[in-house]
Amino acid sequence: MIHGNVHDYSVNRQHKVDKYDLLTSEMVQYLTANTDGTFSEISKSIFQSLNDRKIILNGSLNWYLEWVKLDLEARQVITRVPKTSPQKYILTKN
């Protein structure tokens, strides 16, 4: 037996898409303004930006940012800077 309904799934899915779009935009804005950044630097900046705008995300912001970062890497929107420690990220040149 399936519990819930299609509307519940749609709302939850839309919430995840909104979160993804928001964090993607924040990450790209950070890397546009700062040229490069570590995951920690990017996360701190995004957390502060969301906090300043009183945007609250349920769940772990770092986990969501990791999800967005990995997707942006896979889609070649961002890339790792070789031989940096801690690892830095930049926008990929198109």
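Listed values, structure above:
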read-out: Residues being polar (S, T, N, Q) and within 18 Å of Thr84 (Cα to Cα) - total across region 41-71; value: 1
read-out: Every pair of residues 6+ apart whose Cβ atoms lie under 8 Å, when the first sits in region 22-40 and is closer than 17 Å to Gln87 by Cα while the second is aromatic (Phe, Trp, Tyr) and in a helix (DSSP H, G or I); value: Gly37/Tyr30
read-out: Index of the failed condition, Val81 passing every other in (1) β-branched (Val, Ile, Thr); (2) touching a residue at least 40 places away in the same chain (Cβ under 8 Å); (3) within 17 Å of Leu22 (Cβ to Cβ); value: (3)
read-out: Looking only at region 38-48, and only at residues there that are of a type in the set (Gly, Ala, Ser) and touching a helix residue (DSSP H, G or I) at 6+ places or on another chain (Cβ under 6 Å), the one that is surrounded by the most Cβ atoms within 10 Å (Cβ to Cβ); value: Ser43
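All of the numbers you see were taken from the coordinates with simple rules; none came from a lab. If you're wondering where the values come from, they're calculated on a predicted model, not measured in any experiment. Cβ: placed from backbone, ideal geometry, glycine included. Neighbour counts: every protein chain shown.
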